[in-house]
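Novice: One structure coming up, written as C-alpha coordinates, with questions to follow.
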Amino acid sequence: MAALMASPAPAAALAPPQEFAYVTNSLSNTVSVIRTTTNTVVATITVGRNPQEVAVSPDGTRAYVTNGDSDDVSVIDTATNTVIDTIPVEDLPFGVAVSPSGERVYVTNASSNTVSVIETATNTVIATIPVGTFPVGVTVSPDGTRAYVANAWQFSTDVSVINTTTNMVIGIITVGLNPVGVDTSPDGTRLYVVNFLSGTMSVVNIVPNTPTTNTVIATMPAGVDPVRVVISTDGTRAYVTNASDSNVSVISTAVPPSGNPLIATIPVGLSPVGVAISRDGARVYVANGGSDNVSVIGTAANSVINTVAVGDSPLGVAIGVTPGVAGRQQGSLVPGRDTGKGRSDQHQHNASTTKQSQHNSGQVNVEIKQKKAAKGGRSRKPDRRGRRTFTNQR
(Lines give C-alpha, C1' and ligand atoms only; values in the text may rest on other atoms or scores of the structure.)
Protein backbone atom coordinates (compact mmCIF):
# COMPACT_ATOMS: atom_id res chain seq x y z
CA MET A 1 0.00 0.00 0.00
CA ALA A 2 2.83 2.37 0.82
CA ALA A 3 4.25 1.84 -2.64
CA LEU A 4 0.85 2.42 -4.22
CA MET A 5 0.34 5.62 -2.26
CA ALA A 6 3.79 7.02 -2.99
CA SER A 7 3.78 10.34 -4.79
CA PRO A 8 4.87 10.20 -8.43
CA ALA A 9 8.28 11.59 -9.26
CA PRO A 10 8.14 15.20 -10.41
CA ALA A 11 8.40 15.72 -14.16
CA ALA A 12 11.71 16.98 -15.43
CA ALA A 13 11.77 20.72 -15.93
CA LEU A 14 11.56 21.93 -19.51
CA ALA A 15 14.13 24.56 -20.31
CA PRO A 16 12.87 27.47 -22.41
CA PRO A 17 13.85 27.75 -26.06
CA GLN A 18 17.20 29.38 -26.72
CA GLU A 19 18.39 31.38 -29.72
CA PHE A 20 21.73 30.77 -31.43
CA ALA A 21 23.58 32.19 -34.43
CA TYR A 22 25.35 29.63 -36.65
CA VAL A 23 28.37 30.93 -38.59
CA THR A 24 30.30 29.10 -41.33
CA ASN A 25 34.06 29.57 -41.20
CA SER A 26 35.19 28.81 -44.75
CA LEU A 27 38.91 28.40 -44.16
CA SER A 28 38.56 26.63 -40.80
CA ASN A 29 36.06 24.04 -42.10
CA THR A 30 33.95 24.71 -39.03
CA VAL A 31 30.70 26.28 -37.82
CA SER A 32 30.74 28.57 -34.79
CA VAL A 33 27.66 28.57 -32.55
CA ILE A 34 26.95 31.89 -30.85
CA ARG A 35 24.49 32.18 -27.95
CA THR A 36 22.66 35.40 -28.80
CA THR A 37 21.72 36.28 -25.23
CA THR A 38 25.38 36.61 -24.30
CA ASN A 39 27.00 36.95 -27.76
CA THR A 40 29.56 34.31 -26.90
CA VAL A 41 30.71 31.31 -28.91
CA VAL A 42 29.57 28.16 -27.10
CA ALA A 43 30.54 25.50 -29.64
CA THR A 44 32.68 24.95 -32.71
CA ILE A 45 31.60 22.15 -35.08
CA THR A 46 33.80 20.55 -37.72
CA VAL A 47 31.99 20.19 -41.07
CA GLY A 48 33.08 19.60 -44.69
CA ARG A 49 35.66 21.46 -46.72
CA ASN A 50 35.11 25.16 -47.37
CA PRO A 51 31.66 25.64 -45.81
CA GLN A 52 29.66 28.40 -47.50
CA GLU A 53 26.14 28.93 -46.22
CA VAL A 54 24.00 27.66 -43.39
CA ALA A 55 20.23 27.43 -42.82
CA VAL A 56 18.32 26.27 -39.76
CA SER A 57 15.09 24.27 -39.76
CA PRO A 58 11.94 26.08 -38.53
CA ASP A 59 11.83 23.94 -35.39
CA GLY A 60 15.46 24.71 -34.64
CA THR A 61 16.55 21.09 -34.40
CA ARG A 62 18.75 20.94 -37.52
CA ALA A 63 21.26 23.16 -39.27
CA TYR A 64 22.25 22.50 -42.89
CA VAL A 65 25.69 23.57 -44.13
CA THR A 66 26.85 23.63 -47.77
CA ASN A 67 30.46 22.51 -48.19
CA GLY A 68 31.80 23.98 -51.43
CA ASP A 69 34.89 21.82 -51.77
CA SER A 70 33.30 18.59 -50.52
CA ASP A 71 30.23 18.76 -52.79
CA ASP A 72 27.99 17.84 -49.89
CA VAL A 73 25.75 19.17 -47.12
CA SER A 74 26.45 18.61 -43.43
CA VAL A 75 23.40 18.05 -41.22
CA ILE A 76 23.92 19.28 -37.67
CA ASP A 77 21.86 18.18 -34.68
CA THR A 78 21.56 21.45 -32.78
CA ALA A 79 20.85 19.70 -29.46
CA THR A 80 24.27 18.05 -29.46
CA ASN A 81 26.10 20.26 -31.94
CA THR A 82 27.31 17.26 -33.88
CA VAL A 83 27.16 16.34 -37.58
CA ILE A 84 24.67 13.48 -37.86
CA ASP A 85 24.58 13.08 -41.64
CA THR A 86 26.35 14.14 -44.81
CA ILE A 87 24.34 14.45 -48.04
CA PRO A 88 26.12 14.36 -51.43
CA VAL A 89 24.91 17.00 -53.89
CA GLU A 90 26.34 18.39 -57.14
CA ASP A 91 29.33 20.56 -57.97
CA LEU A 92 30.09 23.50 -55.70
CA PRO A 93 27.11 23.67 -53.33
CA PHE A 94 26.65 27.22 -52.19
CA GLY A 95 23.34 28.72 -51.04
CA VAL A 96 20.87 26.83 -48.84
CA ALA A 97 17.30 27.45 -47.65
CA VAL A 98 14.79 25.35 -45.70
CA SER A 99 11.07 25.29 -46.55
CA PRO A 100 8.68 26.75 -43.95
CA SER A 101 7.39 23.23 -43.23
CA GLY A 102 10.90 21.95 -42.66
CA GLU A 103 10.30 19.09 -45.11
CA ARG A 104 12.62 20.28 -47.89
CA VAL A 105 16.05 21.87 -48.18
CA TYR A 106 17.08 23.71 -51.36
CA VAL A 107 20.77 23.85 -52.27
CA THR A 108 22.27 25.82 -55.16
CA ASN A 109 25.08 23.99 -56.96
CA ALA A 110 27.00 26.88 -58.50
CA SER A 111 29.24 24.97 -60.91
CA SER A 112 26.50 22.53 -61.97
CA ASN A 113 23.87 25.24 -62.62
CA THR A 114 21.34 23.24 -60.62
CA VAL A 115 19.38 23.18 -57.38
CA SER A 116 19.28 20.02 -55.28
CA VAL A 117 16.06 19.35 -53.36
CA ILE A 118 16.63 17.39 -50.17
CA GLU A 119 13.90 15.54 -48.29
CA THR A 120 14.66 16.10 -44.62
CA ALA A 121 12.87 12.96 -43.39
CA THR A 122 15.41 10.80 -45.19
CA ASN A 123 18.23 13.27 -45.87
CA THR A 124 18.24 12.27 -49.53
CA VAL A 125 18.15 14.28 -52.76
CA ILE A 126 14.73 13.77 -54.35
CA ALA A 127 15.08 16.18 -57.29
CA THR A 128 17.74 18.12 -59.19
CA ILE A 129 16.48 21.23 -61.00
CA PRO A 130 18.36 22.98 -63.84
CA VAL A 131 18.38 26.75 -63.28
CA GLY A 132 20.44 29.67 -64.60
CA THR A 133 24.20 30.05 -64.78
CA PHE A 134 26.14 29.95 -61.53
CA PRO A 135 23.27 29.91 -58.99
CA VAL A 136 24.22 31.13 -55.54
CA GLY A 137 21.53 32.79 -53.41
CA VAL A 138 18.27 30.98 -52.68
CA THR A 139 15.20 31.68 -50.57
CA VAL A 140 11.76 30.07 -50.17
CA SER A 141 8.49 32.01 -50.04
CA PRO A 142 6.74 32.11 -46.65
CA ASP A 143 3.93 29.88 -48.00
CA GLY A 144 6.47 27.36 -49.32
CA THR A 145 5.13 27.34 -52.89
CA ARG A 146 8.09 29.05 -54.59
CA ALA A 147 11.86 29.06 -54.39
CA TYR A 148 13.82 31.98 -55.83
CA VAL A 149 17.37 31.46 -57.09
CA ALA A 150 19.87 34.24 -57.89
CA ASN A 151 22.01 33.28 -60.90
CA ALA A 152 25.27 35.13 -60.43
CA TRP A 153 27.21 34.57 -63.63
CA GLN A 154 29.17 37.68 -64.55
CA PHE A 155 26.66 39.20 -66.96
CA SER A 156 23.54 37.51 -65.63
CA THR A 157 20.49 39.55 -64.70
CA ASP A 158 18.06 36.78 -63.85
CA VAL A 159 16.43 35.07 -60.90
CA SER A 160 14.88 31.64 -61.45
CA VAL A 161 11.42 30.97 -59.98
CA ILE A 162 10.83 27.35 -58.95
CA ASN A 163 7.43 25.75 -58.33
CA THR A 164 8.17 23.67 -55.26
CA THR A 165 5.31 21.24 -55.99
CA THR A 166 6.53 20.28 -59.45
CA ASN A 167 10.21 21.09 -58.86
CA MET A 168 10.32 22.97 -62.16
CA VAL A 169 11.39 26.47 -63.14
CA ILE A 170 8.21 28.36 -64.03
CA GLY A 171 9.62 31.81 -64.67
CA ILE A 172 12.58 34.16 -64.84
CA ILE A 173 12.73 37.58 -63.18
CA THR A 174 15.03 40.16 -64.78
CA VAL A 175 16.81 42.28 -62.18
CA GLY A 176 20.17 44.10 -61.99
CA LEU A 177 23.58 42.90 -63.06
CA ASN A 178 25.00 39.88 -61.25
CA PRO A 179 22.28 39.07 -58.67
CA VAL A 180 23.69 37.25 -55.67
CA GLY A 181 21.56 37.65 -52.53
CA VAL A 182 17.80 37.17 -52.10
CA ASP A 183 15.18 37.39 -49.37
CA THR A 184 11.39 37.76 -49.18
CA SER A 185 9.21 40.01 -47.07
CA PRO A 186 7.57 38.31 -44.07
CA ASP A 187 4.15 38.51 -45.75
CA GLY A 188 5.44 37.00 -48.99
CA THR A 189 4.44 39.91 -51.24
CA ARG A 190 7.93 41.14 -52.10
CA LEU A 191 11.23 39.64 -53.21
CA TYR A 192 14.44 41.58 -52.57
CA VAL A 193 17.50 40.93 -54.74
CA VAL A 194 20.92 42.51 -54.32
CA ASN A 195 22.87 42.96 -57.55
CA PHE A 196 26.62 42.81 -57.06
CA LEU A 197 27.84 44.56 -60.19
CA SER A 198 24.99 47.09 -60.27
CA GLY A 199 25.38 48.09 -56.64
CA THR A 200 21.61 48.02 -56.24
CA MET A 201 18.70 46.23 -54.61
CA SER A 202 15.75 45.21 -56.82
CA VAL A 203 12.28 45.08 -55.26
CA VAL A 204 10.01 42.55 -56.97
CA ASN A 205 6.24 42.22 -56.64
CA ILE A 206 5.51 38.51 -56.09
CA VAL A 207 1.84 38.62 -55.05
CA PRO A 208 0.30 35.47 -56.57
CA ASN A 209 -2.35 35.70 -59.28
CA THR A 210 -1.96 39.36 -60.07
CA PRO A 211 -1.02 40.94 -63.44
CA THR A 212 2.15 42.49 -61.99
CA THR A 213 3.50 39.34 -60.35
CA ASN A 214 7.28 38.95 -60.64
CA THR A 215 7.71 42.53 -61.79
CA VAL A 216 10.47 44.82 -60.53
CA ILE A 217 8.66 47.75 -58.94
CA ALA A 218 11.69 49.62 -57.56
CA THR A 219 15.47 49.68 -57.78
CA MET A 220 17.26 51.16 -54.81
CA PRO A 221 20.94 52.03 -54.39
CA ALA A 222 23.01 49.93 -52.03
CA GLY A 223 26.75 50.15 -51.37
CA VAL A 224 29.79 48.96 -53.30
CA ASP A 225 29.56 45.24 -54.14
CA PRO A 226 26.40 44.30 -52.20
CA VAL A 227 26.27 40.58 -51.52
CA ARG A 228 23.53 39.67 -49.03
CA VAL A 229 20.19 40.99 -47.85
CA VAL A 230 17.87 40.21 -44.97
CA ILE A 231 14.48 41.82 -44.33
CA SER A 232 13.42 42.98 -40.88
CA THR A 233 10.77 41.04 -39.01
CA ASP A 234 8.21 43.81 -39.61
CA GLY A 235 9.12 44.07 -43.30
CA THR A 236 10.02 47.76 -43.21
CA ARG A 237 13.80 47.59 -43.56
CA ALA A 238 16.39 45.75 -45.63
CA TYR A 239 19.87 45.13 -44.27
CA VAL A 240 22.45 44.77 -47.07
CA THR A 241 26.09 43.78 -46.64
CA ASN A 242 28.49 45.69 -48.92
CA ALA A 243 31.65 43.63 -49.29
CA SER A 244 34.00 46.30 -50.63
CA ASP A 245 32.66 49.10 -48.43
CA SER A 246 32.90 47.00 -45.26
CA ASN A 247 29.54 48.29 -44.12
CA VAL A 248 25.83 47.49 -43.95
CA SER A 249 23.20 49.60 -45.69
CA VAL A 250 19.87 49.96 -43.90
CA ILE A 251 17.28 50.62 -46.60
CA SER A 252 13.60 51.51 -46.25
CA THR A 253 11.41 49.01 -48.13
CA ALA A 254 8.63 51.58 -48.75
CA VAL A 255 7.64 51.70 -52.45
CA PRO A 256 7.74 54.26 -53.83
CA PRO A 257 10.28 55.65 -51.36
CA SER A 258 9.50 58.95 -49.72
CA GLY A 259 12.82 60.72 -50.08
CA ASN A 260 16.10 58.87 -49.76
CA PRO A 261 15.43 55.17 -48.98
CA LEU A 262 18.83 54.85 -47.29
CA ILE A 263 18.21 55.05 -43.56
CA ALA A 264 21.72 54.40 -42.27
CA THR A 265 25.15 53.10 -43.22
CA ILE A 266 26.78 51.05 -40.47
CA PRO A 267 30.55 50.32 -40.51
CA VAL A 268 31.31 46.70 -39.62
CA GLY A 269 34.34 44.44 -40.07
CA LEU A 270 36.30 43.80 -43.26
CA SER A 271 34.54 42.24 -46.25
CA PRO A 272 31.13 41.47 -44.70
CA VAL A 273 29.14 38.72 -46.40
CA GLY A 274 26.43 36.82 -44.49
CA VAL A 275 23.68 38.63 -42.62
CA ALA A 276 20.82 37.39 -40.43
CA ILE A 277 18.35 38.95 -38.02
CA SER A 278 17.29 37.76 -34.58
CA ARG A 279 13.76 36.48 -34.15
CA ASP A 280 12.72 39.53 -32.14
CA GLY A 281 14.23 41.87 -34.74
CA ALA A 282 16.42 43.61 -32.18
CA ARG A 283 19.80 42.48 -33.52
CA VAL A 284 21.44 41.85 -36.90
CA TYR A 285 24.41 39.47 -37.17
CA VAL A 286 27.02 40.11 -39.88
CA ALA A 287 29.82 37.69 -40.83
CA ASN A 288 33.00 39.63 -41.61
CA GLY A 289 35.15 37.45 -43.84
CA GLY A 290 38.22 39.66 -43.62
CA SER A 291 38.12 40.23 -39.87
CA ASP A 292 37.35 36.71 -38.65
CA ASN A 293 34.51 38.01 -36.53
CA VAL A 294 30.78 38.73 -36.40
CA SER A 295 29.39 42.23 -35.89
CA VAL A 296 26.21 42.45 -33.80
CA ILE A 297 24.08 45.44 -34.80
CA GLY A 298 21.42 46.86 -32.52
CA THR A 299 18.52 47.76 -34.80
CA ALA A 300 17.13 50.45 -32.48
CA ALA A 301 20.16 52.72 -32.89
CA ASN A 302 21.64 51.15 -36.07
CA SER A 303 25.03 50.73 -34.45
CA VAL A 304 27.38 47.86 -33.65
CA ILE A 305 26.84 46.79 -30.06
CA ASN A 306 29.15 43.78 -29.96
CA THR A 307 31.85 41.99 -31.94
CA VAL A 308 32.29 38.22 -31.62
CA ALA A 309 35.48 36.46 -32.70
CA VAL A 310 34.86 33.27 -34.72
CA GLY A 311 36.90 31.08 -37.10
CA ASP A 312 38.86 31.83 -40.26
CA SER A 313 36.99 33.74 -43.00
CA PRO A 314 33.37 33.55 -41.82
CA LEU A 315 30.87 33.72 -44.68
CA GLY A 316 27.37 32.52 -43.84
CA VAL A 317 25.20 33.16 -40.80
CA ALA A 318 21.73 31.93 -39.79
CA ILE A 319 19.58 32.25 -36.68
CA GLY A 320 17.92 29.27 -35.02
CA VAL A 321 15.82 28.79 -31.91
CA THR A 322 16.29 25.42 -30.28
CA PRO A 323 13.30 23.85 -28.51
CA GLY A 324 13.20 23.44 -24.76
CA VAL A 325 14.66 20.17 -23.48
CA ALA A 326 13.54 18.23 -20.43
CA GLY A 327 15.94 18.08 -17.53
CA ARG A 328 17.81 21.30 -18.30
CA GLN A 329 17.61 24.25 -16.04
CA GLN A 330 16.84 27.68 -17.37
CA GLY A 331 20.04 29.39 -18.42
CA SER A 332 22.14 26.23 -18.31
CA LEU A 333 24.36 25.30 -21.20
CA VAL A 334 23.04 22.69 -23.57
CA PRO A 335 25.46 19.73 -23.55
CA GLY A 336 27.95 20.15 -26.34
CA ARG A 337 27.44 23.90 -26.59
CA ASP A 338 30.05 24.91 -24.04
CA THR A 339 33.00 23.22 -25.68
CA GLY A 340 34.09 25.75 -28.23
CA LYS A 341 35.55 29.03 -28.86
CA GLY A 342 22.65 31.42 -36.28
CA ARG A 343 16.06 33.23 -41.10
CA SER A 344 18.91 32.24 -43.45
CA ASP A 345 21.37 34.37 -45.48
CA GLN A 346 22.96 33.68 -48.76
CA HIS A 347 26.78 34.69 -50.64
CA GLN A 348 30.41 33.86 -51.13
CA HIS A 349 31.16 32.42 -54.52
CA ASN A 350 33.30 29.36 -54.95
CA ALA A 351 34.38 28.10 -58.33
CA SER A 352 36.67 25.86 -60.29
CA THR A 353 39.76 27.47 -61.76
CA THR A 354 38.19 27.18 -65.22
CA LYS A 355 35.12 29.16 -64.24
CA GLN A 356 37.15 31.51 -62.14
CA SER A 357 39.18 32.57 -65.18
CA GLN A 358 36.00 33.53 -67.02
CA HIS A 359 35.00 36.06 -64.37
CA ASN A 360 36.43 39.45 -63.60
CA SER A 361 39.54 39.15 -61.52
CA GLY A 362 38.85 41.25 -58.43
CA GLN A 363 36.90 39.09 -55.96
CA VAL A 364 35.61 39.40 -52.44
CA ASN A 365 37.74 36.60 -51.11
CA VAL A 366 40.77 37.98 -52.89
CA GLU A 367 40.02 41.23 -51.09
CA ILE A 368 39.69 39.28 -47.87
CA LYS A 369 43.12 37.73 -48.39
CA GLN A 370 44.69 41.06 -49.25
CA LYS A 371 43.21 42.76 -46.23
CA LYS A 372 44.30 39.88 -44.02
CA ALA A 373 47.80 40.03 -45.45
CA ALA A 374 47.94 43.74 -44.71
CA LYS A 375 47.14 43.06 -41.09
CA GLY A 376 49.24 39.90 -40.81
CA GLY A 377 46.47 37.37 -41.40
CA ARG A 378 46.93 34.19 -43.38
CA SER A 379 45.66 33.46 -46.86
CA ARG A 380 44.70 30.24 -48.58
CA LYS A 381 45.99 28.52 -51.67
CA PRO A 382 43.63 26.72 -54.05
CA ASP A 383 43.06 23.12 -52.98
CA ARG A 384 43.95 20.15 -55.12
CA ARG A 385 40.74 20.51 -57.10
CA GLY A 386 41.84 23.98 -58.14
CA ARG A 387 39.01 25.75 -56.34
CA ARG A 388 39.05 29.14 -54.78
CA THR A 389 36.44 31.06 -52.92
CA PHE A 390 35.43 34.15 -54.79
CA THR A 391 32.91 36.79 -55.60
CA ASN A 392 32.47 38.27 -59.04
CA GLN A 393 34.26 41.53 -59.40
CA ARG A 394 33.36 44.92 -60.68
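Novice: Consider G259 carefully, then state whether it is within 30 Å of S32 (Cβ to Cβ) and not polar (S, T, N, Q).
Specialist: no
Novice: Quick test for you: out of V255, V308, V229, pick the one residue that is assigned to a strand (DSSP E or B), out of contact with any Asp or Glu (no Cβ under 8 Å at 6 or more places or on another chain) and among the hydrophobic types (A, V, I, L, M, F, W, C).
Specialist: V308
Novice: Hey, another quick one. Are any residues in region 176-196 open to solvent by 20 Å² or more (accessible area, probe 1.4 Å) and of a type in the set (A, V, I, L, M), and if so, which ones?
Specialist: Listed by number, the list holds a single entry, L177.
Novice: Ok, one more. Go through region 105-161 and count every residue that is at positive phi, surrounded by 24 or more Cβ atoms within 10 Å (Cβ to Cβ) and small (G, A, S). Can you show your working first?
Specialist: The initial filter retains those residues of region 105-161 that are at positive phi, namely 113, 123, 134, 144.
Subset that is surrounded by 24 or more Cβ atoms within 10 Å (Cβ to Cβ): 134.
Next, from what is left, pick out any that are small (G, A, S): none.
Number satisfying all stated conditions: 0.
Novice: I'd like to check something: does region 76-83 contain any residue that is under 26 Å from N151 (Cβ atoms) and either open to solvent by less than 30 Å² (accessible area, probe 1.4 Å) or under 16 Å from the mean Cα position of the chain (by Cα) (or both)?
Specialist: No, every residue in region 76-83 fails to be under 26 Å from N151 (Cβ atoms) and either open to solvent by less than 30 Å² (accessible area, probe 1.4 Å) or under 16 Å from the mean Cα position of the chain (by Cα) (or both).
Novice: Oh, and also: Working carefully through the options G274, G316, G269, find the one that is open to solvent by less than 30 Å² (accessible area, probe 1.4 Å), outside any strand (DSSP E or B) and at pLDDT 95 or above.
Specialist: Only one candidate passes the filter, namely G269.
The values are calculated or read from the model by the stated rules, or taken from the named source; none is laboratory data. In this text the structure is predicted, and so the values were computed from the model without any measurement. All Cβ positions, even for glycine, are placed from backbone atoms using ideal geometry, and neighbour counts span all protein chains on display. Heavy atoms of the whole protein, side chains included, go into the accessibility calculation; ligands, DNA and RNA do not. Shrake-Rupley method; radii C 1.70, N 1.55, O 1.52, S 1.80 Å.
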